[in-house]
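Reading through the structure tokens given below for one structure.
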Amino acid sequence: NTATAAPVTVISGAASGIGRSTAEYLAGKGHRVVIGHFGKDPHDPQETLDLVTAAGGEGVILDLDVSSTASTDAFIAAAVGHYGTVDHVVANAGILRQAPFAQMDDASWDELLQVDLHGVMRLVRASLPHLGQGSSIVATSSIVGSYYGWAEHAHYAAAKAGVIGLTRSLAVEFGPRGIRANAVIPGLIETPQSLDSVNSLGPEGLKAAGDYIPWGRVGRPEEVASVIGFLLSADANYLTGQELTVDGGLTVA
Ligand code: NAD
């Protein structure tokens, strides 16, 4: 594998939020994007594909449930069947649940870890046989898990902290093969996940957060997408095993 001018980039959770913006951004940079679509998500992946096409790029929608090894392996096999290879991986899929720790049962803990941590492992593991010199992996962590704790979200914080350890270790293990691995750490970004008032801040909470974010507002998904694009690009050729925080200054305020 030598990542070419039109690299093939797989993105999990690409029907909405940061994943959708990343597909659009990368399409504009000449990537052929594989839009991983989780069937239970109400968002229409065709919207992502339309954005990809409008950006002058090409892509394909494929089913992906990262909580299942069979589904993840089939997704990568289908991507390789379609485009011949996989050059880059954006392990972006994630779920967020509010759960008081005293009531945390094994099923709740496991459901979240299966997607937010094990899902990253599965997607990278399935992709690895196809990756090589010039390939790049970006996983989505969070300021929760890297800087902050979050009451009633211990499983999420644990998973997102795990993503950082996983990414660093991939960078060390696969650096000699010319494969880079980094994590992006979004702050508060307006997406379906954060707009969910039950499990996250909701619209009011996001608006109020602007008061304590130095940039004066929460982030937009495209503002994370472009950083993911940078991490995948040759401009970041010597950058591996790192976390890049994209938070409008929130964590340094
Ligand atoms: P989102 O809900 O729009 O995107 C998450 C995507 O993951 C969805 O498209 C969903 O279908 C997909 N997904 C869920 N379960 C899946 C599964 N089992 N298999 C495959 N895909 C699955 O929200 P987002 O904010 O764009 O989230 C993207 C990533 O960014 C997540 O990992 C999230 O935890 C992380 N993040 C978001 C914020 C924020 O403020 N929005 C902050 C830090 C980190």
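Taking 7 Å steps out from each Cα toward its Cβ at residue 106 and residue 207 produces label points 4.4 nm apart. Any chance you could give the angle, 0 to 90 degrees and rounded to 10, that helix 45-54 forms with the longest Cα principal axis of the chain? Taking Cα atoms only, the helix is inclined about 60 degrees. In the neighborhood of residue 122, defined by Cβ-to-Cβ distances under 11 Å, what is the net charge if each Lys or Arg adds +1 and each Asp or Glu adds -1? Residues near residue 122 contribute -1 overall.
What does the charge count near residue 160 come to, summing +1 for each Lys or Arg and -1 for each Asp or Glu among other residues with Cβ under 11 Å from its Cβ?
Net of charged neighbours comes to -2.
Each residue, residue 53 and residue 68, gets one label point 7 Å from its Cα in the Cβ direction; the gap between the two is 2.8 nm. Between residue 151 and residue 60, full extension at 0.36 nm per residue minus the direct alpha carbon distance yields a gain of 28.9 nm. When you restrict to C-alpha pairs under 8 Å that are six or more residues apart and normalise by the size of the chain, the relative contact order lands at 19 percent. Positive-end ranking of 244, 189, 214 along the dipole of the stretch 141-253, with charges on Cβ about the Cα centre, is headed by 244. Under 5 Å from the amide H of residue 189 lie the amide H atoms of 219, each residue being 5 or more positions distant or on a separate chain, with H modelled from the backbone and absent for Pro and chain starts.
After finding the eigenvalues of the alpha carbon gyration tensor for the stretch 135-253, what semi-axes result from the square roots of 5 times each, listed largest first in whole Å? Don't jump to the answer; show the numbers that get you there.
On the way: eigenvalues 147, 51, 25 Å².
Values for the stretch 135-253, descending: 27, 16, 11 Å.
Which residue, 175, 84, 146, has the largest displacement toward the positive end of the dipole of the chain when charges sit on each Cβ (Lys, Arg +1; Asp, Glu -1)? Farthest towards the positive end: 175.
Straight-distance candidates among the lysines for linking to residue 207, with alpha-carbon spacing under 26 Å and chain neighbours fewer than 8 residues away dropped: 160. Compute the signed sum of charges (Lys and Arg +1, Asp and Glu -1) over the other residues within less than 13 Å, Cβ to Cβ, of residue 37. Once positives and negatives cancel, what remains is -3.
Only the coordinates and a few stated rules stand behind these numbers; no lab work does. Just so it is clear, the model here is predicted, and its values are computed rather than measured. Neighbour counts are summed over all protein chains in view; Cβ atoms, including those assigned to glycine, are modelled from backbone coordinates with ideal geometry.
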